[in-house]
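Data first, discussion second: the structure below is written as structure tokens.
The values are calculated or read from the model by the stated rules, or taken from the named source; none is laboratory data. As the structure is a computational prediction, the values presented were derived from the model and not from experiment. With ideal geometry, Cβ positions are generated from the backbone for all residues, glycine too; neighbour counts draw on all protein chains shown.
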């Protein structure tokens with residue numbers, strides 16, 4: 001393959017940045033250089049190692065509706081390295097476990113007869129009196145499940161994640177993360193009363209690397225470096241100069257790199273100022289908000305009483321933890337024999353009281369919350385680890401769409417060879433497969449000068465884990 005002479009900078013070595021580098025290298029671009037602020041690759045999809053335990057920052061299933069992404073994963077990591085794991089997640093509410101996504105019969109049985117009647121009446125009421133505003137999370141969900149189920153299963157957890165009222169959260173979050181049907185539709189689906197030609201199921205298994213998602217991204221980075229692509233860790237881009245044709249990137253150790261094109265997954269909010277945009281674009285970027293993330297990893301004894309879900313959602317306002325991972329259920333090779341590791345996830349704002357607590361205080365609090373939830377687990381004394389992640393979640397508030405559009409249009413007009421990729425790069429709540437697709441589409445645009453809108457990946461309101469099958473063909477879970 002003919003080598004291309006363009007010099008290209010990749011800013012960020014998460015799924016989006018490394019996929020861009022992979023695709024460019026595969027297509028003959030050899031003058032690449034990768035710059036990563038962290039001391040390891042993978043971004044929020046890295047695998048953290050502490051002692052003999054490995055754990056994810058949130059849990060990352062390898063499942064995608066995109067055949068291209070599935071093929072890329074098998075290119076990047078030997079297929080035999082992937083395990084096929086069962087998918088199980090539930091909601092923990094008032095001491096009971098509820099299937100998630102919600103299954104009407106399971107939910108109504110656990111709620112009890114009286115509460116079930118109240119939920120059904122609430123749903124009938126909302127069908128007769130639908131919320132007038134459904135562009136926000138609250139109205140969107142209530143219109144499909146009724147006010148009572150909304151308050152039980154959606155409000156508390158969602159406000160834990162975002163730190164704002166569900167009245168202020170854009171409905172885009174709901175469309176991406178909640179099965180897009182009504183309670184009545186879910187009941188029909190449960191009894192097999194939907195269309196005779198098409199049925200829907202949810203994934204019940206997923207692929208997962210033996211040693212966590214970081215194994216894949218470390219493999220990608222190693223292959224790129226072996227192929228001659230420089231990888232600069234702990235390297236922060238401080239400033240950028242644009243001469244009308246090329247970009248001069250200056251970074252924290254005093255070095256610089258001149259690039260014809262840049263593929264960047266830095267937070268979109270910092271890009272206008274970095275590129276010297278007009279004040280109105282910088283002001284628009286200032287409206288973009290983020291939610292930070294903190295995980296307390298607690299090694300425990302792998303007893304028969306330990307929940308076997310990949311994770312459980314905690315819908316209890318009495319505790320601050322929002323979700324708890326069980327890494328033994330992800331892969332036995334992440335933990336020491338006879339143990340598991342629970343990941344207690346906290347959704348925070350940087351510099352709030354949880355973020356600024358010491359690691360010892362956070363570990364002590366995590367033990368108290370596990371006890372308050374009556375989760376049956378035996379914590380291994382003297383062990384516990386804390387990892388903090390800034391800007392983990394782009395917030396979908398009432399301002400974000402207008403701001404993203406303004407920045408996107410300004411970049412397209414003034415910097416056609418600067419490509420913003422991934423979750424934070426585009427301020428879209430992407431899964432890692434969607435982040436990868438933004439990179440694939442952007443690289444295709446650069447190579448073939450096509451005009452596919454790579455910002456539109458993951459903007460439909462398809463439910464991510466829903467699969468449609470024809471009844472005329474065998475149904476195969478994937």
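Quick look at the values:
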{"read-out": "Residue satisfying condition, being within 30 Å of residue 385 (Cα to Cα), touching a helix residue (DSSP H, G or I) at 6+ places or on another chain (Cβ under 7 Å) and at pLDDT below 95, within set 302, 221", "value": "302"}
{"read-out": "Qualifying positions in the range 74-97 - over 21 Å from residue 205 (Cβ atoms), touching a helix residue (DSSP H, G or I) at 6+ places or on another chain (Cβ under 9 Å) and buried (at least 16 other Cβ atoms within 10 Å of the Cβ)", "value": "93"}
{"read-out": "So residue 228, is it surrounded by fewer than 15 Cβ atoms within 10 Å (Cβ to Cβ) and closer than 18 Å to residue 411 by Cβ", "value": "no"}
{"read-out": "Long-range neighbours under 7 Å by Cβ, at least six apart or interchain, first residue at pLDDT below 95 within the range 1-14, second in a loop (DSSP other than H, G, I, E, B) and surrounded by fewer than 24 Cβ atoms within 10 Å (Cβ to Cβ)", "value": "1/28; 2/28; 3/28; 3/30; 4/28; 5/31; 6/31; 6/260"}
{"read-out": "Hits in the range 240-255 (condition: at pLDDT 95 or above and touching a strand residue (DSSP E or B) at 6+ places or on another chain (Cβ under 6 Å))", "value": "240, 241, 246, 247, 248, 249, 250"}
{"read-out": "Residues of the range 90-138 classified as free of Cβ contacts under 8 Å to residues at least 40 places away in the same chain and at positive phi, total", "value": "1"}
{"read-out": "Any chance residue 391 is in contact (Cβ under 8 Å) with a residue 12 or more places away in the chain, surrounded by 13 or more Cβ atoms within 10 Å (Cβ to Cβ) and closer than 30 Å to residue 278 by Cα", "value": "yes"}
{"read-out": "Condition check for residue 345: within 25 Å of residue 38 (Cα to Cα) and surrounded by fewer than 21 Cβ atoms within 10 Å (Cβ to Cβ)", "value": "no"}
{"read-out": "Filter result (in a helix (DSSP H, G or I), touching a residue at least 24 places away in the same chain (Cβ under 8 Å) and surrounded by fewer than 21 Cβ atoms within 10 Å (Cβ to Cβ)) within the range 33-68", "value": "68"}
{"read-out": "Among (1) in a helix (DSSP H, G or I); (2) modelled with pLDDT of 90 or more - the single one residue 131 does not satisfy", "value": "(1)"}
{"read-out": "In the range 308-341, residue surrounded by the fewest Cβ atoms within 10 Å (Cβ to Cβ) [restricted to those that are within 19 Å of residue 160 (Cβ to Cβ) and more than 19 Å from the chain's Cα centre (by Cα)]", "value": "318"}
